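To start, the structure itself, in structure tokens.
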Amino acid sequence: MPESALTAPNPRLFSFRAGAEGAWRIRAITPVRGDTLPPADRLDLISGEAGPAGEGDGLGAWTLRGVTSNERYVTNDEKRKLAAAQEGLGREAATCAALIPIKKSAAWWGLTQEQRRAVFEEQSRHTHIGLHYLPAIARRLHHCRDLATAEPFDFLTWFEFRPEDEPAFDRLLAELRKTPEWAHVERETDIRLIRG
Ligand code: HEM
């Protein structure tokens, strides 16, 4: 195997860098559970490694990293329904976004795959609930646990929607936060953004 194949960057890695610059303006950072994140003016969503914070990044600068991955919990039928209803990121009219980093409990990670699926869908109806909000809400899930570095969150969830769909997004969050799945969430921060 050529050496470059051993050192090639992971194309599924994304960095969320908060600081003085970036395509998204941070409108609010709301602590939901556990420690919050420092305030910052703007956020950049970078494909790949963001590199260390520079001089111009401002005092509050922080970077979170995660990788997109294969699905863990969806059935074939759910996957089909999601594919039929969802739209991708980057829609012109979707000028609002939310970055919600989440850390789940050690007890959650101690469950088997089957037990986690039971909490996630049979008990909490996560996919079932979420499907009602498509295609208005576009989403991308990033996993953080299997990176080479210890990360403060397990997931970085990213959503894009039109300003008029923000009330629906808030209802979706309220529904999910009442579920048994959320009893396993021990850290959550709700960051709202506007493009431009
Ligand atoms: C817009 C509607 C939504 C849909 C259709 C949806 C759908 C899904 C699906 C299908 C998965 C499982 C992927 C897999 O099989 O591994 C998932 C995972 C997840 N979603 Fe959602 N979701 C939605 C909204 C949300 C919201 C608002 C949050 C709150 C921040 C959220 C947080 C998560 C988290 C943290 C996971 C990872 C769970 C785990 O692996 O333990 N989702 N979502």
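Observations
- Residue match in segment 71-86 (condition: under 22 Å from residue 26 (Cα atoms) and in contact with a strand residue (DSSP E or B) (Cβ under 8 Å, 6 or more places away or on another chain)): no
- Strands (runs of 3 or more DSSP E) fully within segment 82-195 that include at least 2 residues being more than 11 Å from the ligand (Cβ to nearest atom): 96-104, 185-195.
Residue-wise test of (1) of a type outside the set (A, V, I, L, M, F, W, C); (2) within 24 Å of residue 65 (Cβ to Cβ).
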residue	(1), (2)
156	no, yes
166	yes, no
170	yes, no
174	no, no
182	no, yes
186	yes, yes
192	yes, yes
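- Complete set of residues in segment 151-171 that are over 20 Å from residue 90 (Cβ atoms) and either among the polar types (S, T, N, Q) or surrounded by fewer than 18 Cβ atoms within 10 Å (Cβ to Cβ) (or both): 152, 167, 170, 171
- Restricting 80, 72, 91 to those that are of a type outside the set (Gly, Ala, Ser), modelled with pLDDT of 95 or more and either under 29 Å from residue 33 (Cβ atoms) or open to solvent by less than 40 Å² (accessible area, probe 1.4 Å) (or both) reduces the list to 72.
- Checked against (1) more than 19 Å from the chain's Cα centre (by Cα); (2) over 23 Å from residue 14 (Cα atoms); (3) open to solvent by 20 Å² or more (accessible area, probe 1.4 Å), residue 134 passes all but a single condition, namely (1).
- All positions within segment 172-196 that are open to solvent by 40 Å² or more (accessible area, probe 1.4 Å) and touching a Cys at 6+ places or on another chain (Cβ under 8 Å): 194, 195
- Tallying residues that are within 7 Å of the ligand (Cβ to nearest atom) and assigned to a loop (DSSP other than H, G, I, E, B) within segment 65-81 yields 4.
- Screening residue 34 with (1) over 26 Å from residue 9 (Cβ atoms); (2) modelled with pLDDT under 95 gives one miss only, at (2).
- Look at (1) at pLDDT below 95; (2) in contact with a Phe, Trp or Tyr (Cβ under 6 Å, 6 or more places away or on another chain) and you find that residue 64 fails only one, number (1).
- Residue that is nearest to residue 137 (Cα to Cα) [pool: residues in segment 94-108 that are open to solvent by 30 Å² or more (accessible area, probe 1.4 Å) and touching a residue at least 40 places away in the same chain (Cβ under 8 Å)]: 95
The values are calculated or read from the model by the stated rules, or taken from the named source; none is laboratory data. Bear in mind that the values here come from a model prediction, so they are computed numbers and not experimental data. Neighbour counts run over all protein chains shown; Cβ positions are idealised from the backbone, glycine included. Only protein heavy atoms, including side chains, enter the accessible area calculation; ligands, DNA and RNA are left aside. Shrake-Rupley method; radii C 1.70, N 1.55, O 1.52, S 1.80 Å.
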